[in-house]
Amino acid sequence: MADAIGLEIMEEEDLRERKLGDLHEISFADAKRKLYADRNFSLPGGESSRDAQSRAIKVINNILDQYAGKRVVIGTHGDIMTLMLNHFDARFAYEFWQGTSMPDIYRADFEQGTLVNIARLWNEE
């Protein structure tokens, strides 16, 4: 997208995927369910939903402030995207994450820092 319209890509490290941690005692699916059910839970060496969401929301809020009224394209991972959307609307939780096809494209509309609409524009299915 940036190449097509002649803009520079700006990387934001805090939009990286959540560090899951040590899965030796739990399956991937069970870990994801537990991480979404208990926002403070983290696996050894991993990141809780609360911590991952907190770092990503700082970036999103900065983007919303800096580019108010403009269109912005953000590329990130499904889990961190779900946590970002969950900050604005609690319906975006484990079931939403599980339903993403990775990759997907969503359009999120904000007004004064409030999520007012979201639409799935494309998925790989």
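The values are calculated or read from the model by the stated rules, or taken from the named source; none is laboratory data. All of these numbers come straight from a predicted model, not from anything done at the bench. Please note: Cβ atoms are built from the backbone with ideal geometry, for glycine as well, and neighbour counts cover all protein chains shown. Note: areas computed on protein heavy atoms with side chains; ligands, DNA, RNA excluded. Shrake-Rupley method; radii C 1.70, N 1.55, O 1.52, S 1.80 Å.
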Percentage, to the nearest whole number, of Cα pairs in segment 10-125 over 26 Å apart: 18
Distance histogram for segment 55-103 (every C-alpha pair counted, 10 angstrom bins, percent rounded to whole numbers): 24, 50, 24, 1
The chain, accessible surface, carbon-and-sulfur percent (1.4 angstrom probe): 49
Spatial extent of segment 1-52: Rg and Dmax, with the Cα atoms as the point set, Å: 15.6, 47
Cα-based reach from LYS19 at 23 Å (exclusive), listing lysines while leaving out same-chain residues under 8 positions away: LYS32, LYS34, LYS58
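Nothing charged except the Cβ atoms of Lys and Arg (+1) and of Asp and Glu (-1): what's the magnitude of the dipole of the chain about its Cα centre? Round to the nearest 20 debye.
Details: 15 positive and 22 negative charges, 69 e Å.
Using Cβ point charges on Lys, Arg, Asp and Glu, the chain gives about 340 debye.
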Mean Cβ neighbour count within 10 Å, used as a protection proxy, ranking 82-89, 113-120, 93-100 highest first: 82-89, 93-100, 113-120
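Just the number please: accessible area per residue for the chain, 1.4 Å probe, all protein chains included, in Å².
68
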